[in-house]
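Engineer: Okay, handing you the structure first.
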Amino acid sequence: MPPILDSRRLLAFATVVKVGSFTQAARELSLTQSAVSHAIRGLEDELGVALFRREGRAVRLTSGGRYLAERADVILGEMRTARTGVQALAQRAD
């Protein structure tokens, strides 16, 4: 079975994409900028592809990054839906 993506790394990636900055993503996630950078680097290493072009403080998505950004929204949305659904079922069962 092929390995799956790490959800924390994927969330860090999606947040950087959304806010356009590692520093802002760190604030939104209540992490350090270093932790967000480490998560992105780990995801890039895991996938074997650069996801961002770093241009000073600005970041731009590579083609691989654009593809993952589209999929990340779907994946994270499904994870949120699953969590909400399970919690709703648990409340009814209790």
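Engineer: Since residue 90 meets every condition but one in (1) modelled with pLDDT of 95 or more; (2) part of a helix (DSSP H, G or I), which condition does it not meet?
Structural biologist: Checking residue 90 against (1) modelled with pLDDT of 95 or more; (2) part of a helix (DSSP H, G or I), the one that fails is (1).
Engineer: Just to verify a result, which residue in the stretch 57-74, among those that are surrounded by 15 or more Cβ atoms within 10 Å (Cβ to Cβ) and part of a strand (DSSP E or B), is farthest from the chain's Cα centre (by Cα)?
Structural biologist: Filtering first and then ranking leaves 59.
Engineer: Tell me, yes or no, whether the stretch 1-13 has at least one residue that is open to solvent by 50 Å² or more (accessible area, probe 1.4 Å), over 13 Å from the mean Cα position of the chain (by Cα) and touching a residue at least 12 places away in the same chain (Cβ under 8 Å).
Structural biologist: yes
Engineer: What number goes with the only condition from (1) closer than 21 Å to residue 2 by Cα; (2) touching a strand residue (DSSP E or B) at 6+ places or on another chain (Cβ under 6 Å) that residue 53 does not pass?
Structural biologist: Condition not satisfied by residue 53: (1).
Engineer: Take residue 54 and tell me if it is in a strand (DSSP E or B) and under 13 Å from residue 18 (Cα atoms).
Structural biologist: Here the answer is no, as residue 54 does not meet what is asked.
Engineer: Can you work out which of the residues in the stretch 24-46 that are free of Cβ contacts under 8 Å to residues at least 24 places away in the same chain, open to solvent by 60 Å² or more (accessible area, probe 1.4 Å) and assigned to a helix (DSSP H, G or I) is nearest to residue 79 (Cα to Cα)?
Structural biologist: 28
Engineer: To continue, here is another question. Mind listing whichever residues of the stretch 17-46 are of a type in the set (Lys, Arg) and closer than 21 Å to residue 63 by Cβ?
Structural biologist: Answer for the stretch 17-46, where residues must be of a type in the set (Lys, Arg) and closer than 21 Å to residue 63 by Cβ: 18, 41.
Engineer: So the check is Cβ under 9 Å with 6+ separation or different chains; which pairs have a first residue in the stretch 59-80 that's among the small types (Gly, Ala, Ser) and a second one that's open to solvent by 70 Å² or more (accessible area, probe 1.4 Å) and not in a helix (DSSP H, G or I)?
Structural biologist: From the stretch 59-80, the pairs are 65/53.
Engineer: Can you confirm whether residue 49 is within 16 Å of the chain's Cα centre (by Cα), surrounded by 12 or more Cβ atoms within 10 Å (Cβ to Cβ) and modelled with pLDDT under 95?
Structural biologist: Considered against the rule, which asks whether it is within 16 Å of the chain's Cα centre (by Cα), surrounded by 12 or more Cβ atoms within 10 Å (Cβ to Cβ) and modelled with pLDDT under 95, residue 49 comes out as no.
The values are calculated or read from the model by the stated rules, or taken from the named source; none is laboratory data. Just so you know, these numbers come straight off a predicted model, no measurement behind them. When we count neighbours, we look across all protein chains shown, and the Cβ atoms used for this are built from the backbone with ideal geometry, even at glycine. The area values use the complete protein model at the heavy-atom level, side chains included, leaving out ligands, DNA and RNA. Shrake-Rupley method; radii C 1.70, N 1.55, O 1.52, S 1.80 Å.
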